[in-house]
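Here the structure is laid out as structure tokens; the discussion comes afterwards.
The values are calculated or read from the model by the stated rules, or taken from the named source; none is laboratory data. The shown structure was predicted, so the numbers you read here are calculated from the model rather than taken from an experiment. Every residue, glycine among them, receives a Cβ derived from its backbone with ideal geometry; neighbour counts consider all protein chains shown.
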Amino acid sequence: MNFIETRGNDGKRSSSVSFSQAILSPMSSFGGIYVPEYLPQLGESFLRSHLSSDYKTLARAVLDAYELDIDAEVIDAALSLYDGFDDPAQPVPVVRVRDDLFVTELYHGPTRAFKDMALQPFGVVLSSLAQARNEQYLILAATSGDTGPATLETFKDRANVRVACLYPDGGTSDVQRLQMVTEDAANLKVIGIHGNFDDAQTALKTLLSSDAFRGTLRERHIHLSAANSVNFGRIIFQQIYHIHSYLELVRQGAVTLGDKVYLNVPSGNFGNALGGYYAMKMGLPVEKILISSNSNNVLTDLIRTGVYDLRDRAVIATSSPAMDILKSSNIERILFDLFGAQRTRELMADLDQKRIYRLKGDELAALQAVFAADYADDSEVETSIRDTFRDTGYLMDPHTATCFKAHASCREKPLPGIVYSTAEWTKFSPTIAHALTGEVDSHDIDALKSIAATANTPIPPMIEALFDKPVVQDTVIDKDDIEREVLAFL
Ligand SMILES: *Cc1c(COP(=O)(O)O)cnc(C)c1O
């Protein structure tokens with residue numbers, strides 16, 4: 001299977017590339033991104049034949065259907081990373097919280113957030129490709145808190161790949177910061193920036209467009225890649241758990257094979273939701289995909305009105321920071337799939353130049369045939385956390401909690417909903433402690449203890465251990481000094 005470009009081909013690049021090319025250099029013509037030429041058709045017989053498959057077997061079969069140019073041993077090595085999750089036999093538990101509401105827990109990996117689902121195997125694949133080609137790669141990441149730890153963790157001590165990760169000093173949770181600054185490996189560099197996440201992201205863009213920086217990389221034969229969700233190497237691993245979740249509902253007797261369900265995804269860059277969309281197109285019985293947002297509700301507006309409007313919008317800092325995003329990159333892959341390359345290029349050009357695009361009536365109808373959307377503000381999120389814990393004993397993080405409103409408001413049929421839980425409660429503990437006990441401004445360590453006591457649940461050992469680990473990455477600088485710092489690291 002080859003990969004093509006969402007905004008069409010400029011005649012300078014190959015008109016289609018292999019999977020390994022698409023993930024090693026994910027940038028494509030006209031600023032577009034890569035998508036598969038077509039989607040494999042799995043259908044009901046595939047689902048039936050995997051009713052008793054474990055997670056890795058299912059994953060292997062989905063990847064096989066894509067016929068990627070990756071050796072079977074590399075795929076196996078990549079998938080074996082799921083053995084490091086809490087329960088190797090069940091890396092992705094699906095929990096019944098209410099009769100019609102199931103939660104797929106995507107956070108049982110090493111950094112306790114859903115980024116591990118894709119980045120853990122992705123690290124093996126990218127490093128193996130780099131070694132096979134005898135090439136050196138640099139991954140630059142700017143993180144608001146979850147991508148950073150997961151990227152560092154997956155590339156730690158892996159050959160032929162170095163990672164420089166920028167985070168806003170003071171802009172992440174204590175746990176997220178500790179996960180980064182305690183990562184000890186020669187191929188990793190963590191840099192705190194005076195400023196917020198936008199500053200970190202802008203600094204990264206400035207660095208990427210610096211001629212001096214690019215020149216130095218060329219001289220030293222270092223290639224740049226990316227580990228964000230524009231890289232299809234992440235998306236490929238984010239389809240599997242949607243199929244797995246559905247099969248779990250069948251196994252648990254909640255649906256009969258072939259019955260439809262709702263998928264309900266807390267969304268930011270839309271990688272998670274895109275994985276659900278592709279699974280649906282491959283034949284998963286899905287009624288609709290519910291897109292849940294926080295107060296940065298640009299996706300809610302798009303799906304309800306067909307207008308993507310960034311004019312007069314600034315990012316609002318919420319209690320679900322991984323979803324504090326206005327330019328949601330993977331929507332572009334949906335536009336491409338529904339409307340083709342030419343229209344996608346037109347719409348994205350409007351967004352770049354006018355900061356707004358409008359879908360036509362029939363286009364909006366096509367979008368609404370698949371998606372529905374709602375958003376929850378911080379106080380609604382806390383109410384969901386508190387009420388759900390009180391009524392069911394289930395503890396969840398603020399990102400997951402944004403889904404509970406859409407579960408109530410967006411389902412037109414009484415079909416079960418699968419909510420995707422993207423972070424463990426330990427990563428955003430002050431918000432949860434506030435919701436459960438009313439305490440304000442706690443440090444993570446105190447919030448963790450009070451939640452553990454209230455919910456009568458242990459603090460996971462890897463989280464508790466963070467507070468005693470030595471800080472080895474202590475660089476915190478102004479954004480003007482980043483280029484020098486990254487070059488020194490190289
Ligand atoms: C990254 C992230 C999201 C958003 O996922 P997208 O695939 O970017 O839409 C939601 N919740 C958490 C906790 C995350 O880390």
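General remarks:
- Inspection of region 353-376 identifies no residue that is over 27 Å from Thr305 (Cα atoms) and among the aromatic types (Phe, Trp, Tyr).
- Residue match in region 313-336 (condition: more than 16 Å from the ligand (Cβ to nearest atom), more than 25 Å from the chain's Cα centre (by Cα) and either at pLDDT 95 or above or aliphatic (A, V, I, L, M) (or both)): no
- For the residues Arg386, Arg355, the requirement of being in contact with a helix residue (DSSP H, G or I) (Cβ under 9 Å, 6 or more places away or on another chain) and of a type in the set (Lys, Arg) singles out Arg386.
- Here is the figure for region 230-244: residues that are within 12 Å of the ligand (Cβ to nearest atom), assigned to a helix (DSSP H, G or I) and either aliphatic (A, V, I, L, M) or free of Cβ contacts under 8 Å to residues at least 40 places away in the same chain (or both) total 1.
- Tallying residues that are in a loop (DSSP other than H, G, I, E, B) and farther than 14 Å from Asp397 by Cβ within region 431-468 yields 11.
- Some residue of region 117-136 being of a type in the set (D, E, K, R), over 17 Å from Gly233 (Cα atoms), at pLDDT 95 or above and crowded, with 21+ Cβ neighbours inside 10 Å: no
- Take the conditions (1) among the hydrophobic types (A, V, I, L, M, F, W, C); (2) in contact (Cβ under 8 Å) with a residue 24 or more places away in the chain; (3) not in a loop (DSSP other than H, G, I, E, B); Val472 misses just one of them, which is (3).
- Residues (under 27 Å from Ile459 (Cβ atoms) and more than 18 Å from the chain's Cα centre (by Cα)) located in region 94-132: Val94, Val95, Arg96, Val97, Arg98, Leu101, Phe102
- Check on Ala408, away from the ligand (no atom under 12 Å from the Cβ), touching a Leu at 6+ places or on another chain (Cβ under 6 Å), over 23 Å from Lys115 (Cα atoms) and not in a loop (DSSP other than H, G, I, E, B): no
- Residue count, region 412-440 (criterion: surrounded by fewer than 20 Cβ atoms within 10 Å (Cβ to Cβ), modelled with pLDDT of 95 or more and of a type in the set (D, E, K, R)): 2
- Selection count, region 248-276, where residues are in a loop (DSSP other than H, G, I, E, B) and either under 19 Å from Asn294 (Cβ atoms) or hydrophobic (A, V, I, L, M, F, W, C) (or both): 7
- Yes/no for Asp157 being free of Cβ contacts under 8 Å to residues at least 60 places away in the same chain and either part of a helix (DSSP H, G or I) or among the hydrophobic types (A, V, I, L, M, F, W, C) (or both): no
- Elements of type helices (runs of 4 or more DSSP H) in region 1-79, at least 3 residues being within 22 Å of the chain's Cα centre (by Cα): 19-24, 55-65, 72-79
- Boolean, Val298 is at negative phi and away from the ligand (no atom under 16 Å from the Cβ): no
- Looking only at region 145-166, and only at residues there that are of a type in the set (D, E, K, R) and farther than 13 Å from Ala226 by Cα, the one that is surrounded by the most Cβ atoms within 10 Å (Cβ to Cβ): Asp146
- Within region 5-40, tally of residues that are closer than 19 Å to Asn330 by Cα, hydroxyl-bearing (Ser, Thr, Tyr) and in contact (Cβ under 8 Å) with a residue 40 or more places away in the chain: 3
- Region 277-299, subset assigned to a loop (DSSP other than H, G, I, E, B) and more than 16 Å from the chain's Cα centre (by Cα), residue nearest to Asp324 (Cα to Cα): Asn296
- Selected residue (criterion: surrounded by the fewest Cβ atoms within 10 Å (Cβ to Cβ)) from residues of region 245-286 that are more than 16 Å from the ligand (Cβ to nearest atom) and of a type in the set (Val, Ile, Thr): Thr256
Conditions (1) in contact with a helix residue (DSSP H, G or I) (Cβ under 8 Å, 6 or more places away or on another chain); (2) in a helix (DSSP H, G or I), marked per residue:
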position: Ala314; (1), (2): no, no
position: Ala317; (1), (2): no, no
position: Ala322; (1), (2): yes, yes
position: Leu326; (1), (2): yes, no
position: Glu332; (1), (2): yes, yes
position: Leu335; (1), (2): yes, yes
position: Arg343; (1), (2): yes, yes
position: Leu347; (1), (2): yes, yes
